[in-house]
Amino acid sequence: MKITLSVIKADIGGYVGHSESHPDVIAKGEECMAKAKKDGLLVDYHVTKCGDDLQLIMTHQQGEDSAKIHELAWDTFVEGTEVAKKLGLYGAGQDLLSNAFSGNVRGMGPGVAEMEFEERPAEPIIIFMADKTSSGAWNMPLYKIFADPFNTIGLVIADNMHQGFSFEVQDIKKNKKIIFHAPDEIYDLLVLIGAPSRFMVKSVRNRASGEIAAASSTQRLALIAGRYVGKDDPVCIVRSQGQFPAVGEVLEPFSFPLLVEGWMRGSHHGPLMPVSIKDSTPSRFDGPPRVIAAGFQLINGKLTGPRDMFDDKSFDNARQRALDAADYMRGHGPFEPHRLPLEEMEYTTMPQVMEKLEGRFVDLD
Ligand code: F6R
Ligand code: MG
Ligand code: MG
């Protein structure tokens, strides 16, 4: 059975500040999704949250980039925004950067990760969702999952993975994309994706079968809006087992709390802390950045789950290391490398400060 899995998310109001989603907004999302399922547009759905972001996980047979599905998500966010406004939530409708829907939510504020595939007899899926960080946060984990044998022993042992995976990388500043084949081209691949503020892994495929393995959201809100409007808070779908890495291989990279962009005012580097869905409540200095993992088994498009994959003791050390790293990074206060480099601050305070100081700069002797 050919099925499309779409994960579309938006921050439409925070409770309190930017720290969490309100249960009434989630309930409104549930209501809209239930109606679409009843009407036959959706096969199934699950609504959840990561911090202040509402997450719509949908299965259907409309294919990727479907105007109907995107409109459903957009309308759900609009209705949720009404609830958020009534409750006086913070930044109600924050990520809806356009006043009217025009066929596709890409470029309008919400984040989108989608994949269409022929469902296997048993289809384990992990959906990663992050808050207080940007889309490039998936680069290192995706590299480790699909190209690093020190993370994924299946690349060495399993016949159906031994040919490796191909990576579609987007240059989000130049609006271009390129495909790299791992393991042959990993050095070239790393030159680019090691710079995650510009180059982002959009999707990954098994080279032998051509099957889609992973898809992520890569939009940069700041580039859409031309100013700082909150971080992208990206999502990523990963298929698992069989010709894809095992569930444990997919989760393993998050045992290292890598430093990512985001955190307070989207202007800092901080550790990406793997947490349970309940603990995705970034509160300390609006962070540290969080990632959750919702696991599902798909059967005829029906989502069995979620299992809250990081709600597990084996990630306690990663959380502790993340908290220690958070203390260490915070010690730098307003100094780089805790604060983002100047180039990245260009969407926030830099231009105003430079404009104000313009006339006071004099030439060096
Ligand atoms: C980061 C984030 C928060 C806000 C901060 C200021 O992605 O959402 O750290 O940037 O709380 O928010 P405003 O400007 O809305 O007062
Ligand atoms: Mg917010
Ligand atoms: Mg958010």
Most fluctuating residue given options LEU223, LEU56, LEU142, as computed from a GNM of the chain linking Cα atoms under 10 Å: LEU223
Calculated log₁₀ intensity ratio I(q)/I(0) where the Debye formula runs over C-alpha points of the range 229-299, q = 0.17 Å⁻¹: -0.70
Identify the residues of the range 321-345 with backbone N under 13 Å of a label point that sits 7 angstrom from the Cα of MET354 along the Cα-to-Cβ direction, or state none. 342-345
Unit charges on C-beta of K, R, D, E only; dipole of the chain, Debye: 320 debye
Just the accessible area for SER276, please: 1.4 Å probe, Å², rounded to the nearest 10? 10 Å²
Furthest towards positive pole of dipole, VAL78, MET345, LEU5, structure part the chain, Cβ charges: VAL78
Would you work out the relative contact order for the chain, in percent, from Cα pairs under 8 angstrom that are 6 or more residues apart? 18 percent
At what distance in nm do the modelled label points of ILE179 and GLU343 sit from each other, each positioned 7 Å from its Cα along Cα→Cβ? 2.8 nm
Taking the Cα centre of the range 1-46 as origin, work out the dipole magnitude from +1 charges on Lys and Arg Cβ and -1 charges on Asp and Glu Cβ, in debye rounded to 20. 260 debye
Hey, what number do you get for the chain at 222 nm if only DSSP H runs of n ≥ 4 count, each worth -39500 (n - 2.57), divided across all residues, to the nearest 500? -7500 deg cm²/dmol
The chain, Gaussian network, Cα under 10 Å: of GLN320, GLN352, GLN94, the residue fluctuating most is GLN352
Packing-wise, with mean Cβ within 10 Å as the measure, how do 153-162, 199-208, 262-271 rank, highest first? 262-271, 199-208, 153-162
Links that overshoot a 23 Å alpha carbon limit, given the list LYS68/LYS302; LYS9/LYS144; LYS35/LYS231; LYS68/LYS231; LYS144/LYS278; LYS38/LYS202: LYS9/LYS144; LYS35/LYS231; LYS68/LYS231; LYS144/LYS278; LYS38/LYS202
Under a GNM of the chain (C-alpha, springs under 10 Å), which listed residue has the highest mean-square fluctuation: ASP188, ASP308, ASP11? ASP188
Cα-based convex hull volume of the range 178-306 per residue, rounded to whole Å³: 145 Å³
Per the 1/(1 + (r/R0)^6) rule, R0 = 41 Å and r from the Cβ atoms of SER98 and ALA27, FRET efficiency to 0.05 is 0.95
The chain, convex hull of Cα, quarter of hull surface, nm² -> 19.8 nm²
Summing Lys, Arg as +1 and Asp, Glu as -1, what charge do residues with Cβ under 11 Å from the Cβ of VAL83 carry, VAL83 excluded? -1
What ³J(HN,Hα) values, in whole Hz, does the Karplus curve 6.51 cos²θ - 1.76 cosθ + 1.60 give for the range 289-302 when θ = phi - 60°, with x put for Gly and Pro? x, 10, 9, 10, 9, 9, x, 9, 9, 9, 9, 6, x, 7
Could you go through the range 179-190 in sequence order and give the Karplus-derived ³J(HN,Hα) for each residue, using 6.51 cos²θ - 1.76 cosθ + 1.60 with θ = phi - 60°, rounded to whole Hz, and x for Gly and Pro? 10, 10, 9, 9, x, 3, 10, 5, 5, 5, 4, 5
When the scattering of the range 122-202 is computed by the Debye formula from its Cα atoms alone, each counted once and equally, what is log10 I(q)/I(0) at q = 0.11, 0.15 Å⁻¹? -0.31, -0.57
Check cross-link reach from LYS356 to the aspartates and glutamates: straight Cα distance under 15 Å, and skip same-chain residues fewer than eight apart. GLU346
Cα-Cα pairs in the range 74-221 separated by more than 26 Å, as a whole percent of all pairs, come to 36 percent
In percent, how large is the relative contact order of the range 25-116, given Cα pairs closer than 8 Å and 6 or more residues apart? 25 percent
Taking N as the number of residues in the range 1-80, what value does Rg over Cα atoms divided by 2.2 N^0.38 Å take? 1.07
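The values are calculated or read from the model by the stated rules, or taken from the named source; none is laboratory data. Note that the structure is predicted; figures quoted are calculated from it, not measured. Positions of Cβ are backbone-derived with ideal geometry, glycine not excepted, and every protein chain shown enters the neighbour counts. For the accessible areas, the whole protein counts, side chains as well, though only heavy atoms, and no ligand, DNA or RNA atoms are used. Shrake-Rupley method; radii C 1.70, N 1.55, O 1.52, S 1.80 Å.
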